[in-house]
Each structure stands twice: as structure tokens, then as C-alpha cells.
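Below you'll find the structure, written out as C-alpha cells, and then a few comments.
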Amino acid sequence: MEAWLVALGASLALGAVTLAALRDRRIMARIAAAAGVESAAEVPAAVRSSRERADRLETSLASVRADHDAFVESMTQGVLVVGPDLRITAANGAAYELLDRAPLSLVGRSIIETFIDTNVEATVRSARDAGSATIEYAPTGADGRRLLIRARRSPDGGSWMLLEDIAELRRLQQIRTEFIDNLSHELRTPLTTVSLLAETLAREADAAGDTVPPRMRERIGKIEVETGHLVQMVSELVDLSRIESGGGLGPVELLDIGAIATTSTERLRLFAERQGVGLRVEVAERVPLVQGDAARLGQVLVNLVHNAVKFSPDGGDVTVRVRAGDAEVVTEVADHGIGIAPVAQARIFERFYKVDRARVRGESGGTGLGLAIARHIVEQHGGRIWVESAEGVGSTFSFALPIAGPPTIPARRATSEDPAAS
């Protein structure tokens, strides 16, 4: 009986060992497969290789982190990392310096605690929702440091903030504005005197008849024209300087842009007739009202129509159209002139940029300020301006303004032949 029990125990033990071996063999097979090797014998070497690769990656990652930290710390712009709860989780040295804070004192603080400004907090929230936002911030008052804060949404739901000191830039802009204002005031008096003298000379030359040589008559006319260009440039420089500094808008009211388009176009009808160009105004039915400065918007239209006439051939025509869009009123000034090269279209609204002088009617291509002024005025009204053009076919300059109210004036349609446009 005892021998039988011993034999049974030995058999069970042998079976257990066999099962354990099979299980271990299966486990090792799985490990080998996971390690990408063919047999269990190769597993230790594969594990060592994987460990070495992990060590190298860890070393490389540490190096990248060190380089990243050194780069951020060396930046002259301040960098703040903000968590989803609007609390600062990291900051570089420049941020502490720009905000005049002690080292390590920003981490853990909320945005409102750091800047004491609800507008900055609202900007960070806006960046988190929209992707990006920008604000100017004066931490020590209007006469001290001025920071440009750019906020960007981060992948973890927080934000990155880039702080840049622009006090010197704003100071230089102020100096430029004051210089242009002072220079224009100094130039206006002598230019007005020269303009009056040139006009007087031209009248006296006409009165003298044939006693004045044709060459002299031509020179007097040249003086008169160029003086007019200088007076125009001074006026536009002052205008642009005031607009760029945030001023320039008069009383803002609800406006019928169709009526402004008709009136502004009529101001240039005599000029267009002298150039042999026809003018036409088309206003769609029930155009909504816009909000703005009637004089400034009229200036935009005068600039666009004047350019269209100047670039149109004899016998050509210029059409001004006003229509309603989805949430804006669109005004178009279309000509069938020489068109604008693609490379110039990207820069056409820059100050002092002018197309090839040889392509322009007359001897001068203007000051290069009219379209820059138009862009600033439209943007001040919350609108946008653009151009579509093909060389040899013509150009269409368009600007769109936000709708401010329903139409209150009956539908009308004015053309170059209508009594309203004559």
C-alpha cells in the first residue's frame, strides 16, 4: 500500500514538473515573440539590447530637455506656461525680469494674480478657445514698460504666453508721428506759396499770349503739376500718420454706403471725362446700413475710383457696385485697364508702394499712399479690403463693412445715364 502511494506521489510530482515546464516554455515563447527573436535562448540578449536602447533614448531626451530649457532661458522674450486652470506652471528668467518679479515667484500663481488685469485673463481665455490672441499690457503705467503679450493654445488645454517689451518701438513710432506732423506743418506754408506763385505765373503766361515762349509755358506747367504732387503727398502723410496712431475718425453714424458711393463718384466725373473714361454706379436693392464716418468712407471711394480712372484706357469705363453680403455690405470698383501683376497685388496696399511708372497714365504714378490710407480706414471700421486683377483685363478693388442696421432708404439704381448721376 505504501509503495503504491509513493508511486502515485512521484507520478503527480512528475506531471506537475512537466506542466510547469510546458507553461514556462509557452511563456518564454511569448517573450521571444515579443522581443522579436526566434528562440528563448536569444531573449536575454534581446532584453539587454532593449535596455541599452532605452538608456540611449533617455540620455537623448535629457539632452533635448536641457537644450530646450537653455534655449528658453536665453530668450529675451518672456515665456509663461499656463495650465488649463489659468495658473502658471513654468516661466523663464526674462518673464520674471519683464514683470519685475522675484525668481520662482510666478509658478503657481493665477493669471489675474500675476497681471492684476482682467483683460489679460480674458485674452488667455480667448486664446484657449480660439487658438491665439494678442494684447498690449502696461505693468507700470502708461509711461513705463509696455508689453506685447501673445497667447497661444497648448495641446494639454492650457496656454503659452510670449511677452515682449515694445516700449522702445512705441516711442519710435511716436517720434515718427511727431516728425511727420512737424515736417508737414513746416512744408505746408512754403508749398502753398510756391503753388500760388506757379498758378499766378500760369495765368500771366496765358494772358501774355504768344509773347511767352512755348518752352517757358511748358516749364511753368511742370512747376505747377509737381508742386501739386508735393502738396498732395504732405497732406496724405499727415492723414496716414493720424490714422495709424489711432485717430482720424470723425462722427460715427448709420450710413447708406450706396449714397456715399454715388456722391463720391460724382466728384470725379469731370476728371474721368477729361481722361475719356465713363463712370457708372450700380446699387443693389435694399442694401443694409453700415456704421462709420461718412467723410472717411467717401475718401476710400474717391481713392479707389481715382485710381481706376487713372489706370483705364481712353474710351474705357469704371463701374462702382454696392451690394449686400451675408453679414456685410460689399463695395466694388471695377475697371478694364492694364491690370496688376501678381507680385504687385501682394504689396499694393503698402505705404509708398507704386506700380511700374511706365504703366500709369500721365507722368506720375502718385504718392503711393492712397491705398494704404484706404486700407487703414476700412480696417478702422472693422472691415476688410482686397483686390482681384488680371494683367491686360482689368482690376476690381473691393471692401466690405459689417452690417449695422436694416435698409431705411428706398431701393435705387444710379448709372452714368441716370439723372441722379448727372
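Shape class for region 210-276, computed from the alpha carbon gyration tensor (a ≥ b ≥ c): oblate, with a/c not under 1.5 and a/b at or below b/c. Estimated at 0.36 nm per residue, the fully extended path between Arg101 and Arg56 surpasses their Cα-Cα distance by 12.3 nm. The Cα trace of region 167-229 gives Rg and Dmax of 18.5, 63 Å, the first to one decimal, the second as a whole number.
Please report, as a whole percent, how much of the solvent-accessible surface of region 266-323 comes from carbon and sulfur atoms (probe radius 1.4 Å).
So the carbon and sulfur contribution to the accessible surface is 46 percent.
Pairwise Cα distances in region 167-294 exceed 20 Å for 69 percent of all pairs.
Placing unit charges on each Cβ (+1 for Lys and Arg, -1 for Asp and Glu) gives region 69-211 a dipole about its Cα centre, and among Thr89, Pro139, Leu163 the Cα reaching farthest toward its positive end belongs to Thr89.
The values are calculated or read from the model by the stated rules, or taken from the named source; none is laboratory data. In this text, all values refer to a predicted model and were calculated from it rather than measured experimentally. Every residue, glycine as well, gets a Cβ built from its backbone with ideal geometry; the counts of neighbours run over all protein chains shown. The accessibility values were calculated without ligands, DNA or RNA, using every heavy atom of the protein model including side chains. Shrake-Rupley method; radii C 1.70, N 1.55, O 1.52, S 1.80 Å.
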